[in-house]
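Visitor: Dropping the structure in here first, questions after.
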């Protein structure tokens with residue numbers, strides 16, 4: 001690894017730092033970091049979800065729990081990590097970067113976009129699509145589509161394991177619908193994360209007849225009914241990743257979890273203008289079927305990044321949680337969980353059986369808990385809200401935005 005010195009002196013640590021705690025301090029050598037390594041003055045630890053393969057431990061000051069190589073707004077001076085080809089602050093000669101947040105995307109100057117492009121109605125698989133550029137200098141773990149001016153018309157859906165990054169050196173216009181959401185019985189949004197992955201806290205699973213808890217991401221999911229599952233804790237939302245799944249229900253023919261919403265990061269040199277919709281919401285869960293079964297918990301909302309000097313919105317930008325489903329009676333199935341539409345939170349689910357009601361999905365308000373139903377199946381909790389991250393622009397002008405940007 002080649003690293004250029006950080007601005008400012010580093011304080012020597014006398015004990016190895018840990019990803020799970022310890023006083024904040026700087027390092028100079030890998031052997032000060034236990035099982036990790038010293039990266040730009042702080043201890044980092046292996047994490048395959050990061051483009052560089054490493055994440056800073058929580059004793060790393062303002063960089064705590066962020067991926068190594070992700071921009072932090074310049075507080076640490078100019079750093080080049082040549083192994084990961086990830087550039088902080090000013091890029092080296094011959095490289096130009098777009099964006100200022102953690103989705104910063106870089107090209108050789110010979111490969112910057114030179115023509116406009118329009119994405120019409122289609123499904124993009126971020127793992128295999130020929131639209132994904134192979135000319136990006138950093139973060140090969142993303143599907144990057146770049147143009148001078150980029151326009152979206154019709155319904156453009158994105159699936160696959162890689163998050164979707166759209167780059168316009170000029171204006172990025174969303175006239176249609178950009179959908180990286182997950183939908184019950186349908187697509188799983190690009191970059192969505194399973195609840196048992198390292199970046200999600202799976203919580204505590206339900207006991208007998210209990211409903212599953214909703215997934216947590218930007219906010220905590222709702223707990224399941226009938227002594228059901230407990231939602232996991234919120235994890236950092238300042239990395240390129242989607243939302244978390246909920247939990248399955250328990251007992252009998254139980255209801256299944258909803259998937260978390262995916263991840264889309266939009267960069268524009270002048271303006272992002274949304275006239276249609278950007279949806280990164282979580283999927284609704286399925287209801288308990290028979291045998292007094294607990295219902296599934298809804299998936300959390302995913303991630304939307306907006307990185308431009310100006311962001312206008314005449315439509316809807318939303319990353320809400322999916323609804324928890326209804327528990328079953330002995331022979332009567334519960335209703336499936338609802339899903340968010342045009343920014344409106346997924347409503348609570350009820351009225352099909354003797355089982356507990358499903359909790360509402362989280363949006364600007366907290367996710368709802370699953371309902372109790374004595375000896376019948378417990379309701380599933382609603383998925384927690386996702387995250388909308390805003391860079392450069394001071395605010396999003398107009399339209400529906402849910403949850404509020406941060």
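The values are calculated or read from the model by the stated rules, or taken from the named source; none is laboratory data. Note that this is a predicted model, so its numbers are computed, not measured. We place every Cβ from the backbone using ideal geometry, glycine too, and count neighbours over all the protein chains shown.
Visitor: Under 8 Å between Cβ atoms, which residue pairs at least 6 apart in sequence (or on different chains) link something in the range 349-368 that is on the phi > 0 side of the Ramachandran plot and at pLDDT below 95 with a partner that is surrounded by fewer than 24 Cβ atoms within 10 Å (Cβ to Cβ) and part of a strand (DSSP E or B)?
Guide: Correct list of pairs: empty, since none qualify.
Visitor: For the subset of the range 23-51 comprising residues that are under 19 Å from residue 235 (Cα atoms) and in a loop (DSSP other than H, G, I, E, B), which member is modelled with the highest pLDDT?
Guide: 47
Visitor: Shifting gears a bit: Using the structure shown, decide if residue 137 is in contact with a helix residue (DSSP H, G or I) (Cβ under 9 Å, 6 or more places away or on another chain), surrounded by fewer than 23 Cβ atoms within 10 Å (Cβ to Cβ) and either touching a residue at least 12 places away in the same chain (Cβ under 8 Å) or not assigned by TED's automatic domain parsing to the domain that holds residue 342 (or both).
Guide: On the way: in contact with a helix residue (DSSP H, G or I) (Cβ under 9 Å, 6 or more places away or on another chain): yes; surrounded by fewer than 23 Cβ atoms within 10 Å (Cβ to Cβ): yes; either touching a residue at least 12 places away in the same chain (Cβ under 8 Å) or not assigned by TED's automatic domain parsing to the domain that holds residue 342 (or both): yes.
Criteria met by residue 137.
Visitor: Which residues, counting only those in the range 52-80, are on the phi > 0 side of the Ramachandran plot and modelled with pLDDT of 75 or more? Give the derivation first.
Guide: Kept after step one, since they are on the phi > 0 side of the Ramachandran plot, are these residues of the range 52-80: 53, 61, 65, 69, 73-74, 77.
Selection gives 65 alone.
Visitor: Tell me, yes or no, whether the range 375-394 has at least one residue that is in the same structural domain as residue 263 (by TED's automatic domain parsing), without any contact (Cβ under 8 Å) to a residue 24 or more places away in the chain and farther than 26 Å from residue 205 by Cβ. Don't jump to the end; show me each part of the working.
Guide: Taking the range 375-394 and keeping what is in the same structural domain as residue 263 (by TED's automatic domain parsing), we get 375-394.
Adding the requirement that they be without any contact (Cβ under 8 Å) to a residue 24 or more places away in the chain leaves 394.
Within this subset, residues satisfying the condition of being farther than 26 Å from residue 205 by Cβ are 394.
Checking the range 375-394: at least one residue is in the same structural domain as residue 263 (by TED's automatic domain parsing), without any contact (Cβ under 8 Å) to a residue 24 or more places away in the chain and farther than 26 Å from residue 205 by Cβ.
Visitor: Scanning the range 245-261 for residues that are over 20 Å from residue 404 (Cβ atoms) and in contact with a strand residue (DSSP E or B) (Cβ under 6 Å, 6 or more places away or on another chain), which turns out surrounded by the most Cβ atoms within 10 Å (Cβ to Cβ)? Spell out the reasoning first.
Guide: Pass one, the range 245-261, residues over 20 Å from residue 404 (Cβ atoms): 245-259.
Checking which are in contact with a strand residue (DSSP E or B) (Cβ under 6 Å, 6 or more places away or on another chain) leaves us with 252-253.
Numbers: 252: 19, 253: 15.
Here the residue is 252.
Visitor: Exactly one of these conditions fails for residue 330: (1) touching a residue at least 60 places away in the same chain (Cβ under 8 Å); (2) more than 27 Å from residue 159 (Cα to Cα). Give me its number.
Guide: (1)
Visitor: Quick one: would you say residue 209 is farther than 21 Å from residue 360 by Cβ and more than 21 Å from the chain's Cα centre (by Cα)?
Guide: Working: farther than 21 Å from residue 360 by Cβ: yes; more than 21 Å from the chain's Cα centre (by Cα): yes.
It is true that residue 209 is farther than 21 Å from residue 360 by Cβ and more than 21 Å from the chain's Cα centre (by Cα).
Visitor: Let me ask something else about it. Look at the range 140-178 and say how many of its residues are in a loop (DSSP other than H, G, I, E, B) and either surrounded by 18 or more Cβ atoms within 10 Å (Cβ to Cβ) or at negative phi (or both).
Guide: Residues of the range 140-178 in a loop (DSSP other than H, G, I, E, B): 140-142, 148-149, 153-154, 160-163, 169-170, 175-176.
Among the residues that remain, those that are also either surrounded by 18 or more Cβ atoms within 10 Å (Cβ to Cβ) or at negative phi (or both) are: 140-142, 148-149, 153, 160-163, 169-170, 175-176.
Qualifying residue count, the range 140-178: 14.
Visitor: So, one more: If you check 226, 238, 292, 335, which single one turns out to be touching a residue at least 40 places away in the same chain (Cβ under 8 Å), over 30 Å from residue 356 (Cβ atoms) and in a loop (DSSP other than H, G, I, E, B)?
Guide: On the way: 226 fails: over 30 Å from residue 356 (Cβ atoms); 292 fails: over 30 Å from residue 356 (Cβ atoms); 335 fails: over 30 Å from residue 356 (Cβ atoms).
Just a single option satisfies the conditions, and that option is 238.
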